[in-house]
1. With runs of 4+ DSSP H residues as the only contributors, calculate the mean residue ellipticity of the chain at 222 nm using -39,500 (n - 2.57) per run, divided by the residue total and rounded to the nearest 500.
2. In the full protein assembly as shown, how much of S231 is accessible to a 1.4 Å probe, in Å² to the nearest 10?
3. Near the amide H of G283, under 5 Å away, which other amide H atoms are found, from residues 5 or more places off or on another chain, if H is placed in the peptide plane?
4. What aspartates and glutamates sit close enough to K227 to cross-link, taking a C-alpha to C-alpha distance under 17 Å and skipping anything fewer than 8 places away on the same chain?
5. Could you sort F61, F207 by accessible area so the largest value comes first, with the probe set to 1.4 Å?
6. Quick one: length gained pulling A272 to A203 fully straight, 0.36 nm per residue minus the C-alpha distance?
7. Rank L75, L266 by accessible area, highest first, at a 1.4 Å probe radius?
8. Positive end of the dipole of the range 20-82, charges at C-beta (+1 Lys, Arg; -1 Asp, Glu), about the Cα centre: which of Y56, L78, F68 has its Cα farthest in that direction?
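The values are calculated or read from the model by the stated rules, or taken from the named source; none is laboratory data. Everything numeric here is computed off the predicted structure, so don't read it as measured data. Cβ placement follows ideal geometry from the backbone for every residue including glycine, while neighbour counts extend to all protein chains displayed. Accessible surface is based on the protein model in full, side chains and every heavy atom, while ligands, DNA and RNA are left aside. Shrake-Rupley method; radii C 1.70, N 1.55, O 1.52, S 1.80 Å.
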Amino acid sequence: MTILDGGMSRELVRLGAELRQPEWSALALIETPGIVQRVHEAFIEAGAEVITTNSYALVPFHIGEQRFREQGAALARLSGELARAAADAGAADGQSRVRVAGCLPPIFGSYEPEAFEPARAGAYLDVLVTGLSPSVDLWLGETLSLIAEAKAVVAATAATGKPVWISFTLEDRDAPETPEVPRLRSGETVEAAARWALEAGVAALLFNCSQPEVMAAAVERAAQVTKAAGSSLPLGVYANAFEPKRRQGKANAGLSGTREELTPALYAAFAADWAARGATIVGGCCGIGAAHIRAIADRLK
């Protein structure tokens, strides 16, 4: 079992960083980078074996087109360096037990598959890949709403030779349009995503930034596809603690409410269920803090 870290934003706030739109978590890179590293360290102390760079908000939506052109690569480089420093702190004989995943976010907006522009995505992703590459052990394309976004991540990272993990976000259960079959927010099925992952040769397939309740079915469907193909492709889950969002809800509009009942113990119970269904990589997304990661590490390790 591999333990991931949790959500960055609320841990930044907890440790004293200011977040405001439009920059959101990117603001901490600009104003309080030391707190970013402290968040990474808190997750490692809680048991995380893979930490993710604070580069999710390094897109024009958050930092603006001009700032992205002028500072995007430098900010991405800084986010990688902060994560690398946290991972390497206290490493025995120079060998860190903690890996750094380079976050490659949805370039044109979270939960907005219709906004994806394949002709433009590569140039934006290249900026992030260039900045992050010296510091990361693997790539994590995360909160992707459609298979085409994942294809762009694979293409943008191919020349680096580093493993690529792809993580899709799913339709949440409370949306009235949500079908019973687990689907990406684009409407594509989990089975289609799993078949693509096998064909693309990615190193792991994950599901993130959706309700814990919808993850088990996705893991089961993906496991069925991989088993039928005779593959041992690792599967993973890191859910969020958001109050349910409807399909038309904007993920980037502001601070979303979180579920008070989703305690570390309850989240760890969800994680144990995902593991029983085939997940071998487990962590947390938005609203899942260091206490939750400690709980799942204690339970699953």
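1. Dividing the helical sum by the residues of the chain leaves -13000 deg cm²/dmol.
2. 40 Å²
3. Distant-sequence amide H within range of G283: L4, V237, Y238, A239.
4. K227 reaches E191, E199.
5. Working: F61 105, F207 0 Å².
Heavy-atom accessible area, descending, gives F61, F207.
6. 22.6 nm
7. L266, L75
8. F68
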